[in-house]
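Working notes, structure below.
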Amino acid sequence: MKVKSASFVKSCTDVSASDSFAPQICVAGRSNCGKSTLLNSLMGARLCKTSSTPGRTRLINIFKVATDARDFYFVDLPGYGYSKATRELSDEWNVRTDKYFKDGKNIAQVLCLMDIRRDPSDLDKVLINYLRDLQLPFTVVLTKSDKLSRAQICNAAIKIAAALGLARDNLIVTSGNSGAGRDALLDRIKDILDVAQND
């Protein structure tokens, strides 16, 4: 699948504001896992602000993506696990994200982003199990693969898959900086959209 264009639609705090956009590919992950960099790579445009400071994204951001197959929307959720945030803000993010997952009407897939250099955290595992409980389809996307050698990537992917109780084939290894895995992830999204369209 080839991306023709992408544009920012809106930022919102109320998940009901996203109900009119379909289908949605939701992007979730820990703060500073490379979410914005990967989204910019997938969309072919610098629409997401990147920062070395964790917790930059505090709103639900929606982007429209036009492709040669089917148009869809990326929904970029606030990063979780930002320990330096105030407790009030952290709780607000959790409530906002929880409400989106429970009430979102047009979620075709959740992309769970994780830094390939790190073992899955307890929060990562909670997210995966939470999505399983809600029966929401998800794909684990490993980011920042450009920081490791090919052998390290293979070993890390196997280790992370085992920690999450997933088959190795259920992980997609990417790098927003080098573009590695970009086409594979876009093809996975196309397959997801094809299934959603036929349901």
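The values are calculated or read from the model by the stated rules, or taken from the named source; none is laboratory data. Quick caveat: nothing in here was measured; it's all calculated off a predicted structure. Glycine gets a Cβ as well: all are built from the backbone with ideal geometry, and neighbour counts include every protein chain shown. These area figures cover heavy atoms from the full protein model, side chains too; ligands, DNA and RNA do not enter into them. Shrake-Rupley method; radii C 1.70, N 1.55, O 1.52, S 1.80 Å.
Search segment 145-160 for residues being part of a helix (DSSP H, G or I) and touching a residue at least 12 places away in the same chain (Cβ under 8 Å), and hand back the single one that is surrounded by the most Cβ atoms within 10 Å (Cβ to Cβ).
Applying the filter and picking the extreme gives 145.
When you go through 126, 110, 141 one by one, which is the residue that is hydrophobic (A, V, I, L, M, F, W, C), open to solvent by 70 Å² or more (accessible area, probe 1.4 Å) and under 16 Å from residue 30 (Cα atoms)?
Being hydrophobic (A, V, I, L, M, F, W, C), open to solvent by 70 Å² or more (accessible area, probe 1.4 Å) and under 16 Å from residue 30 (Cα atoms) holds for just one of 126, 110, 141, which is 126.
Report every pair of residues separated by at least 6 positions or lying on different chains whose Cβ atoms are under 7 Å apart, first residue within segment 25-40 and over 14 Å from residue 116 (Cβ atoms), second among the small types (Gly, Ala, Ser).
Once the first residue is over 14 Å from residue 116 (Cβ atoms) and sits in segment 25-40, its partners that are among the small types (Gly, Ala, Ser) give 25/108; 31/55; 31/79; 31/81; 40/176.
Consider only pairs whose beta carbons are under 7 Å apart and that are at least six residues apart or on different chains; among these, list those whose first residue lies in segment 1-22 and is farther than 12 Å from residue 47 by Cα and whose second residue is open to solvent by less than 70 Å² (accessible area, probe 1.4 Å) and among the aromatic types (Phe, Trp, Tyr).
Sorted first by the residue in segment 1-22, then by its partner, the pairs are 15/100; 21/73.
Pick from 176, 165, 181: which is at pLDDT 90 or above, surrounded by fewer than 14 Cβ atoms within 10 Å (Cβ to Cβ) and not polar (S, T, N, Q)?
Only one candidate passes the filter, namely 165.
Across segment 66-84, which residue is modelled with the highest pLDDT among those that are surrounded by 19 or more Cβ atoms within 10 Å (Cβ to Cβ) and outside any strand (DSSP E or B)?
77
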